[in-house]
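Heads up: the structure comes next, in structure tokens.
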There are 2 protein chains.
Amino acid sequence: MKVKLADKHGFCFGVKRAIKLAESHQGGITLGPLIHNKKEIERLKNDFGVTVEESVENLPRGSEVIIRTHGIPKDDLAKLTQSAEKIIDATCPFVTKPQKICEIMSQEGYQIIIFGDINHPEVQGVMSYSSSEPIVVMSPKELFGAKLKEKVALVSQTTKKIEDFLGVASFLVQRCAEVRIFNTICNATFDNQEAARHLSQEVDIMIIAGGKNSSNTKQLLSICLEHCQDSYLIEDESELDPQWFTNKKTCGVTAGASTPEWIIERVVRTIEGYKG
Amino acid sequence: MKVKLADKHGFCFGVKRAIKLAESHQGGITLGPLIHNKKEIERLKNDFGVTVEESVENLPRGSEVIIRTHGIPKDDLAKLTQSAEKIIDATCPFVTKPQKICEIMSQEGYQIIIFGDINHPEVQGVMSYSSSEPIVVMSPKELFGAKLKEKVALVSQTTKKIEDFLGVASFLVQRCAEVRIFNTICNATFDNQEAARHLSQEVDIMIIAGGKNSSNTKQLLSICLEHCQDSYLIEDESELDPQWFTNKKTCGVTAGASTPEWIIERVVRTIEGYKG
């Protein structure tokens, strides 16, 4: 089976930076998983003794605490500042941006609208910086019936699709006197999406390697499915089903921003071994 | 021939206000036509002695000068303040808004983007309030190759279609870090457009009464043509061609924001006389 890799795929700047920080703080504890990739989290634990603690209350006093790429809520950061021995901030700088925007815009009296998944840790962090109650939506439909103010500010979860963001933006522009739109979708997300869109149009099957909780990986799957019905999301090569490849000639491979190169390599090697 | 009038049509708040001001200042001079409707301008001249002067330099010193609904450039206003005996400001308050926005936003360092017709007097007035060179476009295509800054502010000519405004907004959101969007399309424009869109889908022929220079009238024609191929823009009943109505049963009528009711009534009566 012939395999084509997407021109842009895998680790982004923020993830690379976070992993370097974790590797250089052996024995550190991350508050929630550092990135959305179980296998890489296991590697950090096995090779560098970096463990995960879900709740700020359960952290042993005096720990070295690493803040995950997605950031954490403002209150948790305040508690950490009290209890931790050392805080290593691995928040992606592209996530710090919407946090700051929410803080400043809400202080200036703008109603905050966040385009993203309310259950995603990045969004929960961003929300916490708004001094007024923000509205979080995944689509314009969810804004029907919402009490919108005259002046609103819109930010996006960094890993969303630009088309969907524009849909929310257009809805607001039609209803509010002023909409202050901050395009906080990160370039790596955008580039990976463009490359996946392109590749999925020229292959028979698409494999997306990445964590099932990873927002940007899920967006890649959604984009590939628009052009290639045979698109599958897998965490690693063990989830590949050889039957998917029957009668297929070319397989495209892409990977989420938190998928390490070593997983991608194994996936590619396994697929290359299939007959098709 | 059966005639249906659009639920909302004709004179808007700003035009009504301007005409009242002109009528109560007999012998006044308007700088450029007060509104984009020749017949109404003729009526104001004949019945109230209100005349039109195109250039601020040609105004007799000490005149009573009426500022047109579309507003005038900032420099012209400064000259008027020096030379006129009295200034009667009939600028539509919905036009004053984008003027002020351009002034403040450009002072705050935002690059100004105006969605509108660069040759239209309203747009020329709005442009003049930007302290930096604004970009004026009629479509997103015109922004290709434009040197866009990171922070831009977008306003619209008050009489444009919201769909086209959203197209320009979406283009900018994809390319700029912050886009501050002010929906300055006026409600009367929006309401008249919605009513025209609705009516044009249920009749055999649409007649749009209004000035050929009137931006909002041209938008009404464009909307009607989307749904009814037999849509015609006329200035008054003398331009109606009875042949248009052959084999037609129902005629829809709408009118621009600067079309007086007396013209609309004559148009309706003339069409009602046709056999179809």
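The values are calculated or read from the model by the stated rules, or taken from the named source; none is laboratory data. Here the structure is a predicted model, which is why all the values come from computation and not from measurement. FYI the Cβ positions are ideal-geometry reconstructions off the backbone, even for glycines, and counts take in every protein chain you see. The area values use the complete protein model at the heavy-atom level, side chains included, leaving out ligands, DNA and RNA. Shrake-Rupley method; radii C 1.70, N 1.55, O 1.52, S 1.80 Å.
For region A:13-91, what relative contact order do you get, as a whole percent, if you take Cα pairs closer than 8 Å and at least 6 residues apart?
Relative contact order of region A:13-91: 35 percent.
Alpha carbon centre of region B:127-154 versus region A:155-185: separation in Å?
First find each Cα centre; the distance between them is then 20 Å.
Averaged over its residues, how many other protein chain Cβ atoms are within 10 Å of peptide A:162-173's Cβ atoms?
Taking all residues of A:162-173 together, the mean is 4.
Compute the distance from the alpha-carbon center of region B:21-36 to that of region A:202-276, in whole Å.
Cα centroid to Cα centroid, the span is 70 Å.
Please list, or write none, the lysines whose alpha carbon is within less than 23 Å of the alpha carbon of B:LYS79, excluding same-chain residues fewer than 8 places away.
B:LYS97, B:LYS100
Put a point 7 Å out from Cα along the line to Cβ at B:GLY62; what are the distances to that point in the other copies, in nm, shortest first?
9.3
In region B:94-181, if the dipole is taken from +1 on Lys/Arg beta carbons and -1 on Asp/Glu beta carbons about the Cα centre, which of B:ILE162, B:SER131, B:GLN99 is farthest to the positive end?
B:ILE162
Between A:THR81 and B:GLN107, what's the calculated FRET efficiency when r is the beta-carbon distance and R0 is 45 Å? Round to 0.05.
About 0.70, to the nearest 0.05.
Label chain A by shape, choosing from rounded, prolate and oblate, from the square roots a ≥ b ≥ c of the eigenvalues of the Cα gyration tensor; if a/c is under 1.5 it is rounded, and otherwise prolate applies when a/b is larger than b/c, oblate when it is not.
oblate
Sketch the reach of a paramagnetic label on B:GLU54 as a point 7 Å from Cα along Cα-to-Cβ, and name the residues of region B:213-252 whose backbone nitrogen lies under 16 Å away.
Taking a point 7 Å out along Cα→Cβ of B:GLU54, the residues of region B:213-252 whose backbone N falls under 16 Å are B:213.
Evaluate the relative contact order of chain B (contact order divided by residue number), counting alpha-carbon pairs under 8 angstrom at least 6 apart; express in whole percent.
Once normalised by length, the contact order is 22 percent.
How would you order A:25-38, B:250-263 from highest to lowest mean count of nearby Cβ atoms within 10 Å?
Top of the packing list down: B:250-263, A:25-38.
Rounded to the nearest 500 deg cm²/dmol, what is the calculated helix-only ellipticity per residue at 222 nm for the protein assembly as shown, with -39500 (n - 2.57) per DSSP H run of length n ≥ 4?
Helices in the protein assembly as shown give a 222 nm mean residue ellipticity of -12000 deg cm²/dmol.
Take chain A, connect every pair of alpha-carbon atoms lying under 10 Å apart with a spring to form a Gaussian network, then pick out the residue of A:PRO93, A:PRO140, A:PRO242 with the largest mean-square fluctuation.
The residue that fluctuates most here is A:PRO242.
Roughly to the nearest percent, how much of the accessible area of chain B is carbon and sulfur, given a 1.4 Å probe?
Accessible surface attributable to carbon and sulfur in chain B totals 48 percent.
For an R0 of 45 angstrom, estimate the FRET efficiency from the Cβ-Cβ distance between B:PHE144 and B:ASP230 and round to the nearest 0.05.
My answer for the efficiency is 0.80.
With every protein chain left in place, what is the accessible area per residue of region A:119-276 in square angstrom, probe 1.4 Å?
Using a 1.4 Å probe on heavy atoms only, each residue of region A:119-276 averages 42 Å².
Taking each label point as 7 Å beyond Cα in the direction of the beta carbon, state the distances from A:LYS79 to the same residue in the other copies, shortest first, in nm.
When each copy's label point is compared with this one, the spacings are 6.9 nm.
Taking the rotation axis that maps chain B onto chain A, which residue of B brings its Cβ closest to that axis, and at what distance in whole Å?
That would be B:ARG180, 2, residue then distance in Å.
Could you go through region A:55-71 in sequence order and give the Karplus-derived ³J(HN,Hα) for each residue, using 6.51 cos²θ - 1.76 cosθ + 1.60 with θ = phi - 60°, rounded to whole Hz, and x for Gly and Pro?
Once rounded to whole Hz, the list reads 10, 5, 5, 8, 5, x, 4, x, 7, 8, 10, 9, 7, 4, 4, 6, x.
Take every Cα-Cα distance within region A:187-271, group them into 5 Å bins from 0 onward, and report for each bin the whole-number percent of pairs it holds.
3, 17, 29, 27, 18, 5, 1, 0
What average number of partner chain Cβ atoms lie no more than 10 Å from the Cβ of the residues making up A:175-181?
So the per-residue partner count for this stretch is 6.
With only Lys, Arg, Asp and Glu charged, each at its Cβ (+1 for the first two, -1 for the last two), find how big the charge dipole of chain A is about the Cα centre; round to the nearest 20 debye.
That gives chain A a dipole magnitude of about 340 debye.
Find every distance from the label point of B:GLU265 to the corresponding label point in the other copies (7 Å from Cα along Cα→Cβ) and write them in nm, one decimal, shortest first.
With the label placed 7 Å along Cα→Cβ, B:GLU265 yields 8.7 nm.
Mind checking which helices in chain B clear 24 Å along their axis (Cα) and have mean Kyte-Doolittle hydropathy of 1.6 or more, DSSP H runs only?
Length and hydropathy pass: none found.
If amide H atoms are built 1.01 Å from N in the plane of the peptide, which residues on other chains or at least 5 residues away come under 5 Å of the amide H of A:LYS160?
Amide H neighbours of A:LYS160, under 5 Å, 5+ apart: A:CYS186.
What number comes out for the charge environment of A:VAL168, summing +1 per Lys or Arg and -1 per Asp or Glu over other residues with Cβ under 15 Å away?
+1
Tell me the total accessible area that A and B bury against each other, 1.4 angstrom probe, in square angstrom rounded to 100.
Interface area, both chains combined: 1400 Å², rounded to the nearest 100.
Run the reach check for A:LYS212 against aspartates and glutamates, Cα to Cα strictly under 15 Å, same-chain hits fewer than 8 apart removed. What comes back?
A:GLU40, A:ASP117, A:GLU235, A:ASP236, A:GLU237, A:GLU239
FRET efficiency for B:LYS212 and A:LYS74, Cβ-Cβ distance as r, R0 = 41 Å, nearest 0.05?
Rounded to the nearest 0.05, the efficiency is 0.10.
Pairs B:LYS218/B:LYS248; A:LYS149/B:LYS4; B:LYS8/B:LYS39: which exceed 27 Å Cα-Cα?
Checking Cα-Cα distances, A:LYS149/B:LYS4 exceed 27 Å.
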